[in-house]
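Inspection log for the structure reproduced underneath, given as structure tokens.
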Amino acid sequence: IDSDLFPTPIMSADFSPIEERLATLTEQNGSYTVRVSDPNGSKASQIFTTSVPDYELDWITKDEVALKTKTSAFAPTALEIVSTKNRTASPRPFNNYGADLLWSPDGSMYLASETLSDGRFSNIALYRRDGGDTKIFAIRTLPEKCTFGSETSTIVYCAIPNPVSFDQNVLPDAWWQGKM
């Protein structure tokens, strides 16, 4: 990677699902900046700056990037949607502990899991961004162990870990630590 195009280490990155564009999160002088560029870093433009150090990027629609704090059972998860067109952020009320998300290919819905107050891991649920019906599935798994059946489908395929692992570990932290 050309250090002139990417002057600081990239903390998080994701490609657009529609175009050949790249969103990157970098740190400079205590601020964290989201930039959109061509994949090689050219034609970069800054779309968002924050003081939050641990955002992860998901490019969810042609013109929107989701910023979600790194997942931990011991901290609330913050979520913001940033418009790449008008460079505005919309905080989303999503302060569940240990929440992890997987966005549908069209960005209209997402799978979510969370850690409950007693330390147990929740069943996975499918949420619609427009506030429509939520579907709670009778399975416990991490959203990144799932995939959507097609771009507009509500069919979801998931790998389900051994249930014993869920009962012996606080998730998702045990997963990130390689304990299961």
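Whole-Hz Karplus ³J(HN,Hα) for region 111-124, in order, using 6.51 cos²θ - 1.76 cosθ + 1.60 and θ = phi - 60°, x for Gly and Pro?
Result, rounded to whole Hz: 8, 9, 10, 7, 9, 6, 4, 8, x, 6, 8, 7, 5, 6.
Return P(r) of region 41-148 (all Cα-Cα pairs; 5 Å bins starting at 0; whole %; ordered from short to long distances).
Per 5 Å bin, starting at zero, the Cα-Cα P(r) for region 41-148 comes out as 2, 12, 20, 25, 19, 12, 6, 3, 1, 0 percent.
May I have the pair-distance distribution P(r) for region 85-131, computed from all Cα-Cα distances with 5 Å bins from 0 and rounded to whole percent?
P(r) over region 85-131, rounded to whole percents: 5, 18, 22, 25, 16, 8, 3, 2, 0.
Using Cα pairs closer than 8 Å and at least 6 residues apart in sequence, work out the relative contact order for region 1-158, in percent.
Details: 363 pairs, mean separation 19.7, N = 158.
Relative contact order of region 1-158: 12 percent.
Under 5 Å between amide H atoms, partner at least 5 residues away or on a different chain: which partners does Glu56 have, H built in plane at 1.01 Å?
Lys68, Thr69, Lys70
Seen from all sides and averaged, what is the projected area of the convex hull of the Cα atoms in the chain, in nm²? Display every interim value, and only then the final one.
On the way: hull surface 44.2 nm².
Mean projected area for the chain: 11.0 nm², to one decimal.
With θ set to phi - 60°, apply the Karplus curve 6.51 cos²θ - 1.76 cosθ + 1.60 along region 32-37 and write out the HN-Hα couplings as whole Hz, x wherever there is a Gly or Pro.
Per residue, the Karplus-derived 3J(HN,Hα) values read 10, 10, 9, 10, 10, 8 Hz.
Of Lys145/Lys179; Lys135/Lys179; Lys85/Lys145, which sit over 24 Å apart, Cα to Cα?
Values: Lys145/Lys179 16 Å; Lys135/Lys179 29 Å; Lys85/Lys145 31 Å.
Checking Cα-Cα distances, Lys135/Lys179; Lys85/Lys145 exceed 24 Å.
In deg cm²/dmol and to the nearest 500, what is the mean residue ellipticity at 222 nm of the chain if only DSSP H runs of at least 4 residues count, each as -39500 (n - 2.57), divided by the residue total? The partial results should precede the final answer.
On the way: 2 runs with 10 residues, N = 180.
Mean residue ellipticity, 222 nm, calculated: -1000 deg cm²/dmol.
Rolling a 1.4 angstrom probe over the protein chains, ignoring ligands and nucleic acids, what is the accessible area of Ser51 in square angstrom, nearest 10?
Ser51 exposes around 90 Å² with every protein chain in place.
If I take the Cα coordinates of region 48-91 and project them onto the principal axes, what are the three extents in Å, biggest first?
Dimensions of region 48-91 along the principal axes of its Cα atoms: 34, 20, 14 Å.
Taking square-rooted eigenvalues a ≥ b ≥ c of the alpha carbon gyration tensor, is region 1-72 rounded, prolate or oblate, where a/c under 1.5 means rounded and, failing that, a/b exceeding b/c means prolate?
On the way: a/c = 1.84, a/b = 1.08, b/c = 1.71.
It comes out oblate by the Cα gyration axes.
What's the center-to-center distance, using Cα atoms, between region 68-108 and region 19-42 in Å?
Here the answer is 18 Å between Cα centres.
The values are calculated or read from the model by the stated rules, or taken from the named source; none is laboratory data. Bear in mind that the values here come from a model prediction, so they are computed numbers and not experimental data. Each accessible area value is taken on the protein alone, full model and side chains, heavy atoms only, with ligands, DNA and RNA left out. Shrake-Rupley method; radii C 1.70, N 1.55, O 1.52, S 1.80 Å.
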